[in-house]
Amino acid sequence: MNRDKYLEAVRLRMPETRYVHTLGVMKTAKRLAKVYGESEQDAELAAILHDVVKFADRNWLKQQIVEHHMDERLLSFHHELWHAPVGALVAQQEFGVTKQTILDAIRFHTTGRANMSKLEKIIYCSDMIEPNRQFPGLEELRENAERDLDVLMELCVKRSIQFLIQKNQPVYPDSIHCYNELVTRKENE
Ligand code: DGI
Ligand code: FE
Ligand code: FE
């Protein structure tokens with residue numbers, strides 16, 4: 001499948017605003033891939049598919065997690081987390097994506113995790129800073145986007161965890177592990 005075919009297929013599965021977000025993530029991820037020496041094609045494909053099941057039925061998402069033996073801790077956290085691992089499954093099964101690195105970038109785009117690959121970081125951060133996003137503090141993230149990917153990732157995961165704390169929401173353990181690894185990396189260098 002070529003890029004435009006993937007785009008058309010995901011467009012049919014989401015409202016227009018989410019499709020516009022997807023295009024924004026695609027453009028940002030491609031740029032960051034170029035800056036940080038990652039495959040621009042892989043970044044584009046992961047970006048196009050990252051939210052493919054964002055609007056799928058909640059019970060169906062839950063069922064996929066159980067049937068495909070994904071981490072069942074997900075079910076006791078916010079349902080917003082489910083579209084990421086199920087998105088990776090759909091990318092593989094329906095869109096024929098075989099590269100594990102692309103599938104993992106989709107799988108971990110919402111929570112992050114410790115020891116993320118460059119592509120995973122690019123998709124996680126592009127999702128947060130793409131041009132259609134708007135929230136206080138976003139300019140600082142964008143200013144850092146092309147300087148250092150780990151600094152950008154640290155700022156993004158901190159923002160995400162702070163946002164959840166403000167809303168009294170639980171934080172999925174992978175996000176905490178991601179944060180811990182990034183804030184302690186300087187001591188280990
Ligand atoms: O799908 P997007 O909206 O583009 O972005 P996303 O995949 O990062 O999803 C963001 C949503 O997921 C947002 O509503 C916050 C929620 N979220 C992210 N990490 C966690 C979380 N919710 C909980 N409860 N715990 C988390 O660790
Ligand atoms: Fe998402
Ligand atoms: Fe997204």
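Here are the numbers:
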| quantity | calculated |
| --- | --- |
| Failed condition for V35, given (1) within 22 Å of Q93 (Cβ to Cβ); (2) in a helix (DSSP H, G or I); (3) of a type in the set (V, I, T) | (1) |
| Of residues in region 81-104 being touching a residue at least 60 places away in the same chain (Cβ under 8 Å) and over 15 Å from I65 (Cα atoms), the one farthest from ligand 2 (Cβ to nearest atom) | G96 |
| Residues being polar (S, T, N, Q) and on the phi > 0 side of the Ramachandran plot - total across region 93-120 | 1 |
| All positions within region 30-53 that are aliphatic (A, V, I, L, M) and away from ligand 2 (no atom under 13 Å from the Cβ) | L32, A33, V35, A43, L45 |
| Matching residues, region 155-189, being in a helix (DSSP H, G or I) and closer than 13 Å to H78 by Cα | L164, P173 |
| Residue identified as surrounded by fewer than 17 Cβ atoms within 10 Å (Cβ to Cβ) and either of a type outside the set (S, T, Y) or out of contact with any Ser or Thr (no Cβ under 8 Å at 6 or more places or on another chain) (or both) among H21, H68, H50 | H68 |
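Each value in this text was obtained by applying a stated rule to the coordinates, not by laboratory testing. Computed from a predicted structure; not experimentally measured. Glycine gets a Cβ as well: all are built from the backbone with ideal geometry, and neighbour counts include every protein chain shown.
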